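Engineer: Here you go, one structure.
The values are calculated or read from the model by the stated rules, or taken from the named source; none is laboratory data. Small disclaimer: the values here were computed from a predicted structure and weren't measured. Positions of Cβ are backbone-derived with ideal geometry, glycine not excepted, and every protein chain shown enters the neighbour counts. For the accessible areas, the whole protein counts, side chains as well, though only heavy atoms, and no ligand, DNA or RNA atoms are used. Shrake-Rupley method; radii C 1.70, N 1.55, O 1.52, S 1.80 Å.
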Amino acid sequence: MTATAPSWLTLFLDIPHANHQSACGFWQAATGYELSSLRGEDEEFATLIPPCGDAHLRVQRTRAEHFSAHLDLHVADLDAATDSAVRAGADVVAQPGHVVMRSPAGLLFCLVRGHDETTPASSGDRGTHRSFTDQLTIDVAHDAWDREKTFWSDLTGWTVTQSARPEFARLHTPPSLPVRVLLQRRDEGGTSGHLDIATDNRSAEVERLIRLGATQLGHGPTWTVMTGPDASVFCVTDRTPATGLLS
């Protein structure tokens, strides 16, 4: 592994200030993880801590109006990784100890120094089924589709392959990492990110999340779109929680 290749990935839930308390409570219940103490200059950051393994989910209170999600890429050499990302097409937005960047399609992401994370958390046992919050889906504006696919492959060194459905493509993250990345082409609207939950029993997981306060918005062949009590929008998907692959 090179000094610029990601050694770990973290999913960040970017939560509007007004929804922060409800979001932390909902995602604690949805994942079964504990919430760390708040940290940061404005106590805006916290980690969702799994019962075992290294953390891959964090929350951030923001000034934005809407819930979103982004990816942190952990690297050994922050300066070299930043230079490599710029060559791949990213723009530097800010450098507050880590590097906030914007992809060619407009998705914010961060480069951070790695902290020797190596052990993924296991999927959650829900009694009747298992589930795992493990995936960022990058919803890509239609006219940026080809460029964004190339960018994420160039940035990480990982292969992007087209799905059987033309609107989906997968970034092949190493199986040793707990986070998966899917790209989805949008017919309208800009580029953004949302979380996906993998489960081996979608109907049971949807029912569980409804009991926790979520609402079903719609569904497709292998996914159900939901919104949480914190106004987050996410999907429950037919994927094997241990691998992140389609069931």
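Engineer: Condition check: of a type in the set (F, W, Y) and within 30 Å of P51 (Cα to Cα). Does W158 satisfy that?
Structural biologist: When the stated conditions are applied, W158 passes them.
Engineer: Regarding R208, is this residue under 15 Å from V236 (Cα atoms), surrounded by 19 or more Cβ atoms within 10 Å (Cβ to Cβ) and in contact with a strand residue (DSSP E or B) (Cβ under 7 Å, 6 or more places away or on another chain)?
Structural biologist: No, not satisfied.
Engineer: Every residue in the range 160-188 that is in contact (Cβ under 8 Å) with a residue 12 or more places away in the chain, open to solvent by 50 Å² or more (accessible area, probe 1.4 Å) and not basic (K, R), please.
Structural biologist: Result: P166, H172, P175, S176, Q184, D187, E188.
Engineer: Here's a follow-up. Failed condition for R147, given (1) in contact (Cβ under 8 Å) with a residue 24 or more places away in the chain; (2) over 17 Å from C110 (Cα atoms); (3) assigned to a strand (DSSP E or B), with all others met?
Structural biologist: Result: R147 passes all but (3).
Engineer: Among the residues of the range 116-144, which ones are assigned to a loop (DSSP other than H, G, I, E, B), open to solvent by 20 Å² or more (accessible area, probe 1.4 Å), farther than 18 Å from P175 by Cβ and not β-branched (V, I, T)?
Structural biologist: D116, R126, G127
Engineer: What are the residues in the range 11-23 that are more than 16 Å from the chain's Cα centre (by Cα) and under 23 Å from H74 (Cβ atoms), if any?
Structural biologist: Hits for the range 11-23: nothing passes.
Engineer: Right, here's the next one. For the range 170-184, state whether one or more residues are more than 21 Å from F12 (Cα to Cα), out of contact with any Gly (no Cβ under 9 Å at 6 or more places or on another chain), modelled with pLDDT of 95 or more and of a type outside the set (F, W, Y).
Structural biologist: no
Engineer: Is it the case that G218 is more than 20 Å from L13 (Cα to Cα) and either outside any strand (DSSP E or B) or of a type in the set (S, T, Y) (or both)?
Structural biologist: no
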